[in-house]
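Peer 1: The structure is given below, and queries will be raised subsequently.
The values are calculated or read from the model by the stated rules, or taken from the named source; none is laboratory data. Everything quoted here is computed from the prediction, not taken from an experiment. Neighbour counts run over all protein chains shown; Cβ positions are idealised from the backbone, glycine included.
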Amino acid sequence: MQNIFTKALRNPFYRTGSLEILLFFAGWGIWWSFFQIWLTTKQGFSGAQVGTIYTFGSAVALVLMFVYGSLQDKLGLKKHLLIAMVGCQVLLAPFFTWVYVPMLESNFYVGAMVGAVYLAVAYLAACPVFEAVTERLSRRYSFEYGQARAWGSFGYAMSALAAGFLFTINPYLVFWTGSAVSAVLLAVLLLLKPENKEANVAAYENSEERNKAVKSPSLKEIVQVFGIFDVWKIIIFVILSWTFYTVFDQQMFPEFFTRFFATPEEGQQAYGILNSVQVFLEFLMMGLVPVLMKKIGVRSALLLSCLIMICRIGGCGLASTPLGIGLIKLLHAPETALFVLAIFRYFTLHFDTRVSATLYMVGFQIAASVGGIIFSVPLGSLRDSIGYQSTFLTIAGIVLVATLYACCILKKDDRDVEGQPLEA
């Protein structure tokens, strides 16, 4: 394992891609990990109102993800779109301080919609673009995507840990820190370009992937993704499973966990530490899952992630102590690594890799956004009426149904291999 890691570090494309995705997740995690707590404890919104904010964000991201995916498939490895998105991220603190909060106070629905547009443009729809570009870089320049994506989890973990302390000092510190990290990321995108050195390209470029990328997909080929029946099967699966990554982890769990402590400040610091430990474990799992996936296969990895999700969400509905809930929450690490890496590999295994960004957006990210639109407000209202833990058990039941459905529709790894075979 150490030799694999050392070899990867020698690859300048791996180093650059890893640094970019680390800074993106660090700049996002520093405030996003406390967004739900900020909305409920600092702004005083109910579960239904928080659900509305998440729903609006998911709705805007739904449209924008297809646009971003189509643009990035046309751009290939060019980073113009990433630079534009990061430019918006630099404005995070000014937007939240002087635009978002006053608008929410004066007219909740107008503020929620304006905030949704900004969040979708800068973050919600930007995240899968960073992941898609990094995955494409990994295939083109000979490194393991999971190892690079792991640095994103590491960045998020470090930010979540810092956020737990910054938030208790002044909630707005997390937003200003996010802007500062994004400014560093913008400089990295503009200055670090290993592809400009011929020696780097000659040493690491995969000629087969280069030849595939010579002809970028046409708009017709990109739009035809919506006509693939197998993609729609995956969309339904994602709506009934990964949707709850957002609904449970971001919309409900933070405030639920902090209620077990004597003061809100103590709970917020404990949540920051828990979130950091969880995402640090996710960082480790991101490096290990590619090895595991080669042994058990892509389909089995997806099914295993769903089983872990059922145990994690259902377990939080049954546990009654902060220690027990915290330990169960750590199952998030293998669950996330398995699902994110396996779903991406499923698309590049069974479909044309030239439209991988669009497939990832439509089949995974957009599907999850649709699920967010469908479930955020109803589950927020359900939480208001029956409490957190009964709602968690309801969610676990839905994911169980999704897992049974996945057993029927997910293709085996050796069937319909139209992309990059596992042997590669």
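Peer 1: Consider region 371-401. How many of its residues are over 15 Å from the mean Cα position of the chain (by Cα) and within 18 Å of Trp232 (Cβ to Cβ)?
Peer 2: 3
Peer 1: Still on this structure, please answer the following. Applying the selection to region 50-63, what residues are surrounded by fewer than 20 Cβ atoms within 10 Å (Cβ to Cβ) and either touching a helix residue (DSSP H, G or I) at 6+ places or on another chain (Cβ under 7 Å) or of a type in the set (Phe, Trp, Tyr) (or both)?
Peer 2: Ala59
Peer 1: Also, I was wondering about something else. Looking at (1) modelled with pLDDT of 90 or more; (2) buried (at least 18 other Cβ atoms within 10 Å of the Cβ), which is the only condition Val289 fails?
Peer 2: Status for Val289: all satisfied but (1).
Peer 1: So Phe25 fits all but one of (1) part of a loop (DSSP other than H, G, I, E, B); (2) of a type in the set (A, V, I, L, M, F, W, C); (3) under 16 Å from the mean Cα position of the chain (by Cα); what number is the exception?
Peer 2: That leaves (1) as the condition not met.
Peer 1: Give me the residue from region 146-159 that is buried (at least 24 other Cβ atoms within 10 Å of the Cβ) and of a type in the set (Phe, Trp, Tyr) and, out of that set, nearest to the chain's Cα centre (by Cα).
Peer 2: Going through the qualifying residues, I end up with Tyr156.
Peer 1: With Ala150, Ala163 as the choices, which residue is touching a helix residue (DSSP H, G or I) at 6+ places or on another chain (Cβ under 6 Å) and under 17 Å from Ser179 (Cβ atoms)?
Peer 2: Criteria check complete, one pass: Ala163.
To keep it simple, each residue is scored yes or no on (1) without any contact (Cβ under 8 Å) to a residue 24 or more places away in the chain; (2) surrounded by fewer than 17 Cβ atoms within 10 Å (Cβ to Cβ); (3) more than 29 Å from Ile398 (Cα to Cα); (4) not basic (Lys, Arg).
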{"site": "Ser179", "(1), (2), (3), (4)": "no, no, yes, yes"}
{"site": "Ala183", "(1), (2), (3), (4)": "no, yes, yes, yes"}
{"site": "Glu205", "(1), (2), (3), (4)": "no, yes, yes, yes"}
{"site": "Arg210", "(1), (2), (3), (4)": "no, yes, yes, no"}
{"site": "Val225", "(1), (2), (3), (4)": "no, no, no, yes"}
{"site": "Val231", "(1), (2), (3), (4)": "no, no, no, yes"}
{"site": "Leu240", "(1), (2), (3), (4)": "no, no, no, yes"}
{"site": "Met252", "(1), (2), (3), (4)": "no, no, no, yes"}
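Peer 1: Here is a check on your reading of the model: is Ala162 closer than 18 Å to Gln278 by Cβ, aliphatic (A, V, I, L, M), assigned to a helix (DSSP H, G or I) and more than 16 Å from the chain's Cα centre (by Cα)?
Peer 2: Answer is yes for this residue.
Peer 1: List the helices (runs of 4 or more DSSP H) inside region 46-133, counting only whole elements, that have at least 2 residues being under 22 Å from Ser18 (Cα atoms).
Peer 2: Answer list for region 46-133: 47-75, 80-89.
Peer 1: For region 187-206, give me the residue count where each residue is over 22 Å from Val86 (Cα atoms) and in a helix (DSSP H, G or I).
Peer 2: Of the residues in region 187-206, 7 are over 22 Å from Val86 (Cα atoms) and in a helix (DSSP H, G or I).
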